[in-house]
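J.: Let me give you the structure first, and then I'll get to my questions.
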Amino acid sequence: QVQFVESGGGLVQPGGSLRLSCAASGFAFSAYVINWYRQAPGKGREWVAAIFTGGDTAYAESVKGRFTVSRDNMKYQVYLQMNSLKLEDTAIYYCNVYYNEKDYWGQGTQVTVSS
């Protein structure tokens, strides 16, 4: 079955950096678009970034220029490099794939930006 395991979250000061990882299994990873979403306390889930099968990327305006998504198809891994972190980036970050007409999510990893 489709599974994601996110890691790499933690506590960081404003202006700092974190690199999130997401290990995928249970589907033909290289053939699918992988998304990162986040959910801040008291808010809905927000799309952050996507990486397409050919390596093209797309970003929400709120993170463009600060976040970089990448993938390693051999390792079934996707990464989110987050730089210049802001207080408003505090959230749980999730991997996502739309596979066989269903959305799949990992358990998420907590990112807290605080001074």
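J.: Relative contact order, percent, of the chain when contacts are C-alpha pairs under 8 Å separated by at least 6 residues?
T.: 36 percent
J.: Calculate what fraction, in whole %, of the accessible area of the stretch 23-115 sits on carbon and sulfur atoms when a 1.4 Å probe is rolled over the protein chains.
T.: Roughly 48 percent of what the probe reaches on the stretch 23-115 is carbon or sulfur.
J.: Continuing with the same structure: Return one whole number: the accessible area per residue of the stretch 1-71 in Å², for a 1.4 Å probe.
T.: Accessible area per residue: 51 Å².
J.: With springs only between Cα atoms under 10 Å apart, run a GNM on the chain and tell me which of Ala31, Ala60, Ala91 wobbles the most.
T.: Fluctuation is largest for Ala31.
J.: Also, I was wondering about something else. For the chain, set up a GNM with springs between Cα atoms under 10 Å and report which of Lys75, Lys102, Lys43 has the largest fluctuation.
T.: Lys102
J.: Cross-link candidates for Lys64: which lysines have Cα within less than 18 Å, leaving aside residues fewer than 8 places away along the same chain?
T.: Lys86
J.: Further question on the same structure: Going Cα to Cα from Lys43, which aspartates and glutamates come in below 17 Å? Please leave out same-chain ones fewer than 8 positions away.
T.: Glu88, Asp89
J.: I need the semi-axes of the equivalent ellipsoid of the stretch 1-103: take the C-alpha gyration tensor, multiply each eigenvalue by 5, square-root it, list largest first in whole angstrom.
T.: 23, 14, 13
J.: Rg to Rh ratio, the stretch 58-115, alpha-carbon atoms and Kirkwood radius?
T.: 1.00
J.: Which of Thr53, Thr90, Thr68 ends up with the largest GNM mean-square fluctuation for the chain, with Cα atoms connected below 10 Å?
T.: Among Thr53, Thr90, Thr68, the largest mean-square fluctuation in the Gaussian network model of the chain belongs to Thr53.
The values are calculated or read from the model by the stated rules, or taken from the named source; none is laboratory data. What you see is a predicted model, and the numbers here were worked out from it, not measured in a lab. Heavy atoms of the whole protein, side chains included, go into the accessibility calculation; ligands, DNA and RNA do not. Shrake-Rupley method; radii C 1.70, N 1.55, O 1.52, S 1.80 Å.
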